[in-house]
Each structure stands twice: as C-alpha cells, then as structure tokens.
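J.: I'd like to ask you about the structure that follows.
The values are calculated or read from the model by the stated rules, or taken from the named source; none is laboratory data. Keep in mind that this is a model prediction, so the values were computed, not measured. As a convention, Cβ positions derive from the backbone with ideal geometry for all residues, glycine included, and neighbour counts pool all protein chains shown.
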Amino acid sequence: LAATCFFSPAQRSLFDEPLAIAVQGLCPQQEVTLRLSLQDEGGELFQSCARYQAGSSGELDLTRSPALPGLGGSFSGLEPMGLFWSLQPQKPFRRLVKRDVESPFCLELEVFEGHGPLPSRLLARGAHERGFLRDGVRRIPVREGRIRATLFLPPEDGPFPGIIDIYGTGGGLPEYRASLLANHGFATLALAYYGYEDLPKDMKEFHLEYFEEAVNYMLQHSQVKGPGIGLLGISKGGDLCISMASFLKGITATVTINGSVANVGAVLRYKDITIPPLGINWKRIKIDKSGIADIVDVLNNPLEGPDRQSFIPLEKAEGHFLFIVGKDDHNWKSEFFATEASNRLQAHGKEKPVIVCYPGAGHYIEPPFSPMCSASMHLLVGNPVIWGGEPKAHSVAQVDAWQKIQAFFHKHLSGKQCVTGKL
C-alpha cells in the first residue's frame, strides 16, 4: 500500500488512555478518509469515519490535523480521539460493551483516497489492540457465601483503596469499569446482583444483606486498605450504592453516575426495613415515529405523597458523596435527584455532596473514549429507549468524570490527592 499508519503506543494501549494516530507516505495535500472499525464479541460491527487533508509533506497527524466539516464524516474539528468516541453500530440500538476483559478490542484503521463514498481506493491499513487489563493486574472470580463477583487487584504490593462497582438494570456481571479502575491502583470488586448464575433472575426485590456480605468481604480482605471502602454505581447501581451507604457500616465514599436518590424498580429490604420502589406512570412515556421511547417523565416525584417512602434516607450515611450528572439524561431526572439528595443531606446538618453536572451528556457516562449510545433496548421497558446526550459533549464529560471519580476516591480512601483531577 502507498502509505503507512502509525499508532502511539504502537501495538496495544489501554481502553481509557489516549491513542495518537498518524499516517505517512501520502501525497502533499492529499484528500483522504479515515475509517475505524471494531467488532464486539457478539460480532456487531461499529464504525466511524472522518475526512482529512494531508500536510505539505504527505503526513497526517490526528493530534494536529482537524477533521474537515460538511463532508459527511462522523465528526469535524481537531479531535485526536474522535474516531473512537464517534463509533456507531451498523445495526441500530446496540451499545458497545466489553464482556471478556481478558481479551482486547481489535481495531482496524483504513485510509481511503478522496472524500467520496466508501470504499474507495485503499491507501493504508493498520491494526491496534485496546486492552482492559494492564500487565500484572489480577482477575479473581469471587464465589464466597452468596457473593457473585470479580475482584481486580493492581500488580503492585497492597493494600489498595477498595471500591465496589455496581452496574444498572442490564444485570449480569460487567467487569470493564472495575478492570480499568484496578489499572489505576484500586482494588475493585465488580458485583453482580441479579440475572447472573444463581442470583435472582429478575428485578422484583433486593436484600441489602447480600450487598453487606460484599462490603464485609472487601473490609476483611488483606489487599484492601481500611478503614472504609468506596462505592461506585451507575443508573440503578446508583440508588443501590446510596442505600448501602445509608444502612451499612464501613463506607467512606460513594459515587453515583446518573443515579436516583429514590429506590427504583424493585422492593429493597434490610432486616425489618422495607423501601418500596418509586411509583411509575407509563402514560407519561413518549414514543416517537421510529418507535423509540422517551421515559424521562415516567417516575413519580419522591417528594410527594406516598412516593416519599421511596426516598432513601441518605442522611444516615457517614461517608462522602459525589454525584456525576448528565444534564441531558433521558433515563430519568438525574440532576433533580442529585439536587434533592444535597438538600436532604444539608437539612440534616450533613456535609454538602459534590455535584458535577455535564451539559450535553446523556445517561451512560462510561470510561473515556467509550462511544455514546443514543438509544438501545431497555430490559424493563421492552422497547428501545433514548438515553440522551450529544456525542462530543458526552465524550468530554466521560474524560472529565473519570478523572474526578478517581480523585474523589484517592482523596477519601487513601488521603492521596490525584494531580490530574483536582476537586
């Protein structure tokens, strides 16, 4: 082929770290199209493309060359990681999720001649791996008592600050965020709570005693630095983390990403306490012409009437809170929930939580460079739903939130300030 693709790091990088892409051996000022392709483990194809013009000596460096607007590319402007965050599924309603963190995502970069429809004449091709575990990180399946989880330990000598990582209504055992956190020095337990092995098959009711077992497992682990641990939850995982922080001992720092401050979706029980799920009115659902649902208004207000019983008594919590909020979240009203959590904490004389709001960010604020999923199937709704967000703003939010989350945990779990993300 006429030209050559260069990556830095060369063959392999970690999923949440920037990757520099360059092309050499093009003609001076040559017009080219770059296309990035990735297949997930289910064989679904994700692609992005952008239009560029080579420099005077036939080189193209994505850290210095802007993508050209108005030519049908996935993005425009100076966006060194644009090909990653703008990846789109070739079939609708698919979300890019890593299922096996021990294998990398394999990327293919193609450089085509001109700015016309693809494929045109191929000028260069390159391959690169995006991994989830840095060398030496230990992945340990945990089946102690009722716990169904995976523990990730950094390669250095511990003990390490400990975190329990909880996902949302998809169920199962997502490990990708926990594995990436272990790369950054945290002992991280990815915890399943339904729809996995012998755990409950569906979301009817949850017992906090199960989550308490996981907390105690971490508190007693020789590789976990005490005296307390951190919790990280997104979506339904967010309100579970708030419930854990409110009722269980040993929790020092809680981070929710677009979580609710009311118990949602299932009854929550702990000893003789029962918290009902927040009421839902499905008549408030909006469905557009293409059959995609907007569910942002379906939940009742947890400040009104009987729904007040669903509000989690987070004033009982002893630790610190960080709320990460996408202002364009269409799953539910995350900003309202964070504000009401803050109001309740302060009304009880508690420390004001940190709330970070991101304009243009949707529901699934994932680790950096994850492509934004605008709509996908919602297990509880049985329909594709819109998640909200504008891809560029959402991408900026993911990079910033990742730094802020780590800084918050370093500050409260190890007394260590992280230089990159000051709060």
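J.: Hey, could you check segment 149-168 for residues that are part of a loop (DSSP other than H, G, I, E, B) and surrounded by 19 or more Cβ atoms within 10 Å (Cβ to Cβ) and say which is modelled with the lowest pLDDT?
T.: Gly168
J.: Still on this structure, I have one more. Which is aromatic (Phe, Trp, Tyr), surrounded by fewer than 20 Cβ atoms within 10 Å (Cβ to Cβ) and touching a helix residue (DSSP H, G or I) at 6+ places or on another chain (Cβ under 7 Å), of Tyr196, Tyr270?
T.: Matching residue, one of Tyr196, Tyr270: Tyr270.
J.: Could you list, in sequence order, all residues of segment 171-183 that are assigned to a loop (DSSP other than H, G, I, E, B) and surrounded by 19 or more Cβ atoms within 10 Å (Cβ to Cβ)?
T.: Gly171, Leu173, Pro174, Glu175
J.: Another question, then. How many of the residues in segment 104-132 are free of Cβ contacts under 8 Å to residues at least 24 places away in the same chain and either over 25 Å from Pro69 (Cβ atoms) or assigned to a strand (DSSP E or B) (or both)?
T.: Number of matching residues: 1.
J.: Being surrounded by fewer than 20 Cβ atoms within 10 Å (Cβ to Cβ), of a type outside the set (Phe, Trp, Tyr) and closer than 17 Å to Gly233 by Cα is the requirement here; does Gln403 meet it?
T.: It is true that Gln403 is surrounded by fewer than 20 Cβ atoms within 10 Å (Cβ to Cβ), of a type outside the set (Phe, Trp, Tyr) and closer than 17 Å to Gly233 by Cα.
Per-residue answers, yes or no, for (1) assigned to a strand (DSSP E or B); (2) of a type in the set (Lys, Arg); (3) touching a residue at least 40 places away in the same chain (Cβ under 8 Å):
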residue	(1), (2), (3)
Pro18	no, no, yes
Val23	yes, no, yes
Leu34	yes, no, yes
Phe46	yes, no, yes
Arg51	yes, yes, yes
Gly55	no, no, no
Arg64	no, yes, no
Pro80	no, no, yes
Leu83	no, no, yes
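J.: Does segment 54-63 include one or more residues that are within 18 Å of Gln88 (Cβ to Cβ) and surrounded by fewer than 16 Cβ atoms within 10 Å (Cβ to Cβ)?
T.: No, because not a single residue in segment 54-63 is within 18 Å of Gln88 (Cβ to Cβ) and surrounded by fewer than 16 Cβ atoms within 10 Å (Cβ to Cβ).
J.: Answer yes if at least one residue in segment 20-42 is among the acidic types (Asp, Glu), surrounded by 15 or more Cβ atoms within 10 Å (Cβ to Cβ), in contact with a Pro (Cβ under 7 Å, 6 or more places away or on another chain) and within 19 Å of Leu87 (Cα to Cα), and no otherwise.
T.: Within segment 20-42 (the criterion being among the acidic types (Asp, Glu), surrounded by 15 or more Cβ atoms within 10 Å (Cβ to Cβ), in contact with a Pro (Cβ under 7 Å, 6 or more places away or on another chain) and within 19 Å of Leu87 (Cα to Cα)), the answer is no, since none of the residues qualifies.
J.: Does segment 286-306 contain at least one residue that is part of a loop (DSSP other than H, G, I, E, B), within 17 Å of Ile164 (Cβ to Cβ) and either touching a Phe, Trp or Tyr at 6+ places or on another chain (Cβ under 8 Å) or touching a residue at least 12 places away in the same chain (Cβ under 8 Å) (or both)?
T.: no
J.: Right, next: For Leu83, all conditions in the list (1) closer than 21 Å to Ala3 by Cα; (2) surrounded by fewer than 18 Cβ atoms within 10 Å (Cβ to Cβ); (3) not acidic (Asp, Glu) hold save one; what is the number of the exception?
T.: (2)
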